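What follows is one structure encoded as C-alpha cells, with my remarks underneath.
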Amino acid sequence: MSHPPSPSNPDNYRQQFSEFGEFDENAGFTFSDAADEMLFDIDEDLEGATVVPDDEGRVEAPRSDMEFESLKELTAYYKQYAKQEGFGVKTQRIKKDDAERPVYVTIDCARGGKYQPKNINISKPRPTTKTDCKAKLNARLNKSDKWVVTTFENEHNHITVSPKKTRLLRSHKCLDEYSQRILDLNDRAGIRMNKNYYSLVVDAGGFENLNFQEKDCRNFIDKARHLRLGKGGSEALNEYFQRMRDQNDGFVSYMDVDDEGRLRNVFWADARSRAAYEYFGDVVTFDTTYLTNRYGMPFAPFVSVNHHGQSILLGAGLLSSEDTHTFIWLFRMWLSCMNGRAPKAIITDQDRAMKNAIAIVFPKTRHRYCLWHIMRKLPEKLGSHSQFSTGLKTSIQTALYDSQTCTEFEEMWGGLLDKYDLRGNSWLQSLYEERTFWVPVYLKDVFWAGMSTTQRSESMNAFFDGYDHSGTTLKEFVDQFDNALRKKVEVETTADFNSINQTIPCVSPFNFEKQFQKVYTNAKFKEFQKELIGLMCCNCTLVTKQ
C-alpha cells in the first residue's frame with residue numbers, strides 16, 4: 001500500500017543526470033569518476049539552517065561572487081529570495097570530491113525539468129508543475145572553504161505567484177515543531193485530522209498565517225504514527241508471531257512496511273479464529289475505536305458472536321492510520337486469510353474511509369452502521385436544541401424503532417424535521433441520505449446475529465479487562481494478548497460444558513419450545529424463552545375466522 005510522499009520526501013521528483021554541465025576547474029579540486037550526483041529536497045538541505053524571517057525585510061537578488069559561509073547558509077538565502085519573488089526551488093544536483101565533500105551545487109526553479117508521463121492513460125493525464133524553466137543558481141566551494149555564486153539565471157518561463165501564495169509552494173512549506181507537537185497530541189487523543197488541522201488554523205488566526213496545509217499534516221501524522229511502536233515494540237511483534245507460528249500451522253500474519261522499511265500496518269489471525277469464521281462468519285463487526293480512544297493505539301479487531309452469543313475474535317490489526325488505503329490493505333489481508341470468503345454482512349462505525357474500502361474489497365457484503373455509535377452522537381449534535389430533552393430525542397427514537405415500513409419511517413422523519421424546525425440541519429440530512437445503512441426498517445431483511453444494535457466495543461472492553469491499562473505499551477500488549485485469548489477460550493469451553501451438562505426447564509406446554517430446548521445452547525434458549533413469555537402474556541384478539 002502506498003501513501004503520498006511527505007513534504008520532505010524527494011522520491012516523487014528524484015532524477016538522474018548523466019552530465020554535470022560546466023564546472024570551474026580552477027577551484028583546485030580533483031574528482032573521481034564516480035563522483036556523486038544527487039537530487040535533494042530543499043527542506044532537507046536546510047535542516048539546522050537559519051532562514052531569514054519575512055519580517056526582517058527583503059533580501060537582495062543573487063549576483064556573481066556572492067560568498068556564504070556554508071552550503072546551508074547559501075540554500076537558506078536563495079530559498080528566502082525565491083519566496084519573496086514567488087517561485088519554488090529545489091536542489092538539482094550536488095557534486096562531491098573524493099572525500100565525499102560537496103563542492104558544487106545547482107539550485108533550480110521548482111518548475112524546471114520536462115514533463116514525463118508515467119501512466120498510459122492518456123485520456124486522464126495527471127497535472128504537472130514542470131515547464132522546463134531554466135532559472136537557476138550555481139555555486140562552488142572555493143579554496144577558502146566558502147561558497148561562491150558562479151552564475152545566476154533569473155528568467156522564468158512561467159508566471160510567478162504572489163507573496164501571499166508562496167506558502168503553498170512545496171519548498172516554502174514548513175511544519176514547525178509547535179504545530180507538530182499539537183498534531184501528535186491531538187492524534188493520540190483520537191481527534192480526527194480535519195478538526196486537528198482546524199485547531200491550528202484557529203490558533204494561527206487564519207489559513208493565510210500557516211506555512212502548511214492539511215495534506216502536509218496528514219503526511220506528518222502518517223509518519224509519526226507508524227504504530228508508535230515504543231521500545232521493543234517491533235521486536236515484540238516479531239517474537240509473538242514467530243512463537244504463534246511455531247505453536248500452530250494455521251497462524252497467519254502480514255506486515256506492511258513503507259519505502260524505508262519501517263513497520264506501518266500489521267494483521268494477524270490464529271488457527272482458532274480462522275476455524276471460527278467458518279461457523280460464525282456470516283456477520284462481522286469491525287471497530288477501531290476501542291484501543292484508539294483509550295490508549296492511542298489504532299487496534300482494529302474483526303469480531304463476531306458464537307453460539308452462546310459471546311464475542312469472538314476473527315483476526316486483528318494494528319494500523320498506522322485510518323484512511324481508505326489502510327483499510328483496503330487490512331480488509332484484503334483478512335480476506336486472504338479467510339480463503340477469499342467475504343462476510344454476508346458487516347457492521348462498522350459511520351466512517352467514510354471504511355465505507356469506501358468495504359465497497360471495494362467486499363462489494364457484495366451488506367454494510368451497516370452501528371446504531372449505538374449514531375445514537376451516542378445525539379447529545380453532541382442536537383443537545384443545544386431547546387426541545388431536545390422534551391420531545392426531540394423521543395421523536396427520533398420513535399421513528400427509528402417503531403417504524404414498520406420504509407414509507408412510515410420517511411413520513412415520521414419528515415414530520416419531526418418540520419415539528420422541530422430541523423430541515424436545515426446538515427447532520428440529520430446526511431444521516432437521512434445514508435438511511436439504508438443504519439435505520440432498522442431498511443435492514444430487517446438481513447440476518448445480523450443479534451448484533452444490529454449491540455455495541456460490540458463493550459464486549460471488547462470486557463475481553464481485555466484485566467490484561468491492559470492506560471499505560472500499556474505495544475510490547476506489553478502483545479505479550480498479554482495470548483492471555484486474553486486463552487481466557488476467552490476458557491469462557492467458551494465452560495459455556496459449552498454447561499449447555500451439555502445442564503438443562504433449562506421449559507416454561508410452556510408447547511412442543512416447539514421443547515424442540516428449541518434440544519438444539520439451542522442455554523444462553524440462546526434463555527433469549528428464546530424471554531420472547532416466548534412475552535408472547536404468552538399478550539392478549540389475543542380474533543381478527544378473522546375461516
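No value in this document is a laboratory result; all are computed from the given coordinates. All figures in this text were calculated on a predicted structure; none of them were measured in a lab. Here the Cβ positions follow ideal geometry from the backbone for every residue, glycine too, while neighbour counts run over all protein chains shown.
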Review point. Peptides 428-434, 326-332, 158-164: what's the order by average Cβ count within 10 Å, highest mean first?
Key: 326-332, 428-434, 158-164
Check your understanding: Quick one: if you stick a label point 7 Å off each Cα along the C-beta vector at residue 376 and residue 394, how many nm between them?
Key -> 2.6
Check your understanding: So how do 165-173, 404-412, 519-527 stack up, highest first, on mean other-Cβ count within 10 Å?
Key -> 165-173, 519-527, 404-412
Practice item. In nm, give the distance between the simple-model label positions of residue 425 and residue 405, each being 7 Å from the Cα along the Cα-to-Cβ direction. Key: 2.6
Revision key, fill the gap. Stretched fully, the stretch from residue 533 through residue 165 gains (0.36 nm per residue minus C-alpha distance, one decimal, in nm) 125.4 nm
Check your understanding: Any idea what the relative contact order of segment 235-279 is, in percent, if you count C-alpha pairs under 8 Å spaced at least 6 apart?
Key -> 30
Revision key, fill the gap. Taking N as the number of residues in segment 473-546, the ratio of its alpha carbon radius of gyration to 2.2 N^0.38 Å works out to 1.81
Point to revise | Reduced Cα scattering model of segment 177-227, Debye log10 I(q)/I(0), q = 0.19, 0.29 Å⁻¹ | key: -0.55, -1.27
Exercise for review: Assuming R0 = 41 Å, can you tell me the calculated FRET efficiency for the pair residue 335 and residue 99, based on Cβ-Cβ distance, to the nearest 0.05?
Suggested key: 0.15
Exercise for review: Mind giving me the nanometre distance, one decimal, between the label points for residue 199 and residue 239, set 7 Å out from Cα along Cα→Cβ?
Suggested key: 3.5
Practice item. At a temperature of 37 °C and a viscosity of 0.692 mPa s, determine how fast segment 83-189 diffuses translationally according to Stokes-Einstein, using the Kirkwood radius over alpha-carbon pairs as Rh; express D in µm²/s, rounded to the nearest whole number. Key: 194
